[in-house]
Amino acid sequence: MKLLNHTSRHLSVLLLPLITLWAFAFYYAMLDEIYDSLDDGLENQKVLLLKRLKKEPSIVENSDFDKHVYTFDPINKEIYDNFKESYHDTLMYMYNEEDFEPVRVHESAIEHHNNYYKLKIITSMVEVDDLAQDLIKYLIGLYILLVVSLLLLNNFILKKIWKPFYHSIGQLKNFKIEKENKITTLPTHIDEFKLLNETISKLIKKSSDSYIEQKQFIENASHELQTPLAISINKLELFIENNPLDEEQTKSLASILDNLDRLTRLNKSLLLLSKIENKQFLDEESVDFLELTETIIHDFEDLLAHKGMGINFESNSAPKIKMNKDLAIILLTNFIKNAIVHGQPNSEIHISLDNNLWSITNIGLPEALNQNLLFTRFRKIGSNTKSTGLGLAINKAIANKYDLELSYNFNDLHTFLIHFD
Amino acid sequence: MKILIIEDEPEMLDNMRRTLEREHYNVETATNFKTASTKLGVYSYDCILLDITLPDGDGLELLAQIKSQGKGGGVIVVSAKDSLDDRLKGLNLGADDYLAKPFHNAELNARVKAVLRRLYFDGHKHIEIGNMVIHPENREIIVDGDQIEFNRKEYDILMYMITNKNRLVTKAALAEHVWGDHIDQADSFDFIYSQIKNLRKKLSKSNITVEAVYGVGYKLNIA
């Protein structure tokens, strides 16, 4: 969920109890005010009635609400002495509404020429249920209005404020250190975003720098290793040729030579990896994978024959992929070589090719290889001492360069796949 | 045959010199751009091995100098860089071959011989060895007047062994030369053995033998 909607959601949930609470408080405060002013009005009427009573004593005869809004009921002295003035609500039949409606009643006791009366004055009341209903209606309206304006506010104003933030994280999402794309940040007046942008730029620059440095280090180190390797190999070869050696001595020296050759291969693979990552294979052409696969299978026929293996190549199309020819050769060669080297002797390797997929399947170790580590550097399978552990890392680097996807699956057989799109 | 090696690394230079001297070439050396340029100005050579990374100048400039002088002679560019760029530049500037460090002595020998053969026999002269005659232009091999069929790999192995005759050729060097780089990680070079077995069968009537040296490599001898 996006940050903007997240806050909106929280706010709208929080608003609901807030508005409800406020509604209760408002309702009772308003009601209190209404009662207060009604009661003031009733008291005022009482004062007016008492004044009128002096001029017009006959009004004490009125004991019915049908004619007036007041009644006088004679009471005895005892009740008069203990009488407490009160205001209360009661229901009364209203002719216009044809229903019982609430009215406010003021009861008090008065003395007039030694006669005692209970005076009741009424006034029509606010209809509480209607008031509550209206209040709820308006409050729902208010709630909706608030939520909608909250959303609009978030979407229009906050979005604008948060733009530099989203711009930055959008770039981070697409950032790939090996692609060397630069991160640009939008100018902003908000301190937190400024800090974020500065930190991002600084971190990216630092990582890129050390990545480039590391790449160059590997390339330079590999270059520097070539000459001492060459000297050692050639010196040993000359030594074997120029000196009469017995079998044991020759074999020892040959073993050193073998290991130097291994070191050379390792070094060459590292160099190749650096070169791919340093984008030193620029020229591209349309590579026919059908033709290329056939050529490489042909190159391996001696090794295949030696292991008693065969390759069954099945294809129903000849996809052409735009890439560097040398890298295409390396890519397929590594897969085919792995299948032969790690494959079980006297078994069949299956290669299939169509427009979207190149796949190779072989019988090997009876367990799946670790998917996560498979394409990383120096990942050796089994105890093959001649393997550099770089073949699949090189393939991965080639695949990355041309946006091809590599995958592996295992169901008793090992299958490696190249997805073309 | 006069060969000039231009190489700044003294030990590398020494190895190359000794390898080529075993083949009875007249080898001269230069360890920097200046000496090399002077020598090239005064003398002519049949083959020049040129390391393009020199401490005091660009080896490719030397190549341009050699080609502008038009004295003939083949040039093999030697580089530790093995970069496609250098290779293409070298070949575009007229180098005959490109050899990446590190290499096997047998490979150096084979490359020099191939350059010399191209230059002086124009690829047409046949090679006689014992009772065998080889016509490289059509890959024909005749033993005692009878033509023997060799497949491509058998022919390549034989030619490589002949180029390095009487010398130990390690399995690694042979595999790299005949099968190319892609074979180099194969778990063993045992598969070479079956090729050698076939080769020996076909050579049975010749007086050439391919001797195994303690499982390390092979040596071609002429009886």
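Each reported figure results from applying straightforward, stated rules to the coordinates on display, with no laboratory input. Owing to the predicted nature of the structure, the values given are computational and were not obtained by experimental measurement. Cβ: placed from backbone, ideal geometry, glycine included. Neighbour counts: every protein chain shown.
By the combined test of axial Cα extent (at least 24 Å) and Kyte-Doolittle hydropathy (mean at least 0.0), the qualifying DSSP H helices of chain A come to A:3-55, A:128-153. Mean residue ellipticity at 222 nm, helices only, the protein assembly as shown: -17000 deg cm²/dmol; runs of at least 4 DSSP H residues each add -39,500 (n - 2.57), and the sum is divided by the number of residues.
Where the only charges are on Cβ atoms (+1 Lys, Arg; -1 Asp, Glu), what is the dipole of segment B:2-121 about its Cα centre, to the nearest 20 debye? Please list the in-between numbers first.
On the way: 16 positive and 19 negative charges, 104 e Å.
The calculated dipole for segment B:2-121 is roughly 500 debye.
As a size descriptor, the averaged projected area of the C-alpha convex hull of segment A:285-419 was calculated at 7.6 nm². Compute the angle between helix B:10-21 and the longest alpha-carbon principal axis of chain B, please, reported from 0 to 90 degrees and rounded to the nearest 10. The two axes meet at around 50 degrees. Cα-based values for segment A:71-219, radius of gyration first and Dmax second, are 38.9, 123 Å.
Distance from the alpha carbon centroid of segment A:197-245 to that of segment A:258-314 works out to 21 angstrom. Packing, taken as the mean count of other beta carbons within 10 Å per residue, orders the peptides B:169-180, B:93-104, A:408-419, A:72-83 from highest to lowest as B:169-180, B:93-104, A:408-419, A:72-83.
Computed FRET efficiency, Cβ-Cβ of A:Glu85 and A:Leu21, R0 41 Å: what is it to the nearest 0.05? Step by step, r from the Cβ atoms, then E = 0.75. Listed peptides A:291-297, A:98-104 appear in the order A:291-297, A:98-104 once ranked by packing, highest mean of other Cβ atoms within 10 Å at the front. Computed over the Cα atoms of segment A:3-132, pair by distinct pair, the Kirkwood hydrodynamic radius stands at 17.8 angstrom.
Applying 1/(1 + (r/R0)^6) with R0 = 30 Å to the Cβ-Cβ distance of B:Ser194 and A:Phe217, what FRET efficiency is obtained, to the nearest 0.05? Each step should come with its number before you reach the end.
Details: r = 43 Å, r/R0 = 1.43.
So, using R0 = 30 Å, E works out to roughly 0.10.
Extension gain A:Phe239-A:Lys77, at 0.36 nm per residue separation less the Cα-Cα distance, in nm? Intermediate values should be presented prior to the final figure.
Values: separation 162, 0.36 × 162 = 58.32 nm, distance 14.50 nm.
43.8 nm is the gain from fully extending A:Phe239 to A:Lys77.
Please report the relative contact order for chain A, taking Cα pairs under 8 Å with a sequence separation of at least 6, and give it as a percent rounded to a whole number. Let's see the in-between values first.
Details: 476 pairs, mean separation 38.7, N = 421.
That works out to 9 percent.
Distance between the modelled labels on A:Ala368 and A:Asn174, one decimal in nanometres: 3.4 nm (7 Å Cα→Cβ projection).
When restricted to Cα atoms, segment B:103-147 yields an Rg and a Dmax of 12.2, 37 Å, respectively. Find the percent of Cα-Cα distances in chain B that exceed 22 Å, and round it to a whole number. Looking at chain B, the distances longer than 22 Å represent 54 percent of pairs. Report the percentage of all Cα-Cα pairs in segment B:65-121 whose separation exceeds 14 Å, rounded to a whole percent. Every Cα pair in segment B:65-121 considered, those over 14 Å come to 56 percent.
For segment A:211-277, what is the Kirkwood hydrodynamic radius in Å, using each pair of distinct C-alpha atoms? The partial results should precede the final answer.
Working: mean 1/r = 0.0755 Å⁻¹.
For segment A:211-277, the Kirkwood estimate is 13.2 Å.
Once the gyration tensor of the Cα atoms in segment B:56-175 is diagonalised, the equivalent ellipsoid follows with semi-axes of 31, 18, 11 Å, ordered largest first.
Kindly put A:Met30, A:Met309 in sequence by how many other C-beta atoms sit within 10 Å of each C-beta, fewest to most. Don't skip to the end; give the middle numbers.
Details: A:Met30 13, A:Met309 20.
If I rank by nearby Cβ atoms, fewest first, I get A:Met30, A:Met309.
Report, in degrees rounded to the nearest 10, the 0 to 90 angle that the Cα long axis of helix B:59-69 makes with the longest principal axis of chain B. Computed tilt is about 90 degrees. Note on B:Ser44/A:Asp421: beta-carbon distance plugged into 1/(1 + (r/R0)^6) with R0 of 56 Å gives a FRET efficiency of 0.45.
Helix B:191-202 and the longest principal axis of the C-alpha atoms of chain B enclose an angle of approximately 70°. When the Cα positions of A:Ile330, A:Ile59, A:Thr199 are compared along the charge dipole of chain A, A:Ile330 comes out farthest toward the positive end, with charges on each C-beta of Lys, Arg, Asp and Glu. Quick note on the protein assembly as shown: its Rg to Rh ratio, both from C-alpha atoms and Rh being the Kirkwood radius, is 1.48. Considering segment B:2-121, its Cα convex hull presents a mean projected area of 6.5 nm². When the charge dipole of chain B is built from unit charges on Cβ atoms (+1 for Lys and Arg, -1 for Asp and Glu) and taken about the Cα centre, the candidate among B:Leu20, B:Ser204, B:Thr53 whose Cα reaches farthest toward its positive end is B:Ser204. The share of C-alpha pairs in segment B:153-222 whose separation exceeds 16 Å stands at 41 percent. Annotation: the antiparallel percentage among DSSP beta bridges lying fully within segment B:45-153 is about 55. The modelled label-to-label distance for the pair A:Asn355/A:Glu301, using points 7 Å beyond Cα in the direction of Cβ, is 3.2 nm.
Placing a pseudo-label 7 Å from each Cα along the Cα-to-Cβ vector at B:Ile148 and A:Arg52 gives an inter-label distance of 14.8 nm. Rounded to the nearest 20, the size of the Cβ-charge dipole of chain A about its Cα centre is 1800 debye, with Lys and Arg at +1 and Asp and Glu at -1.
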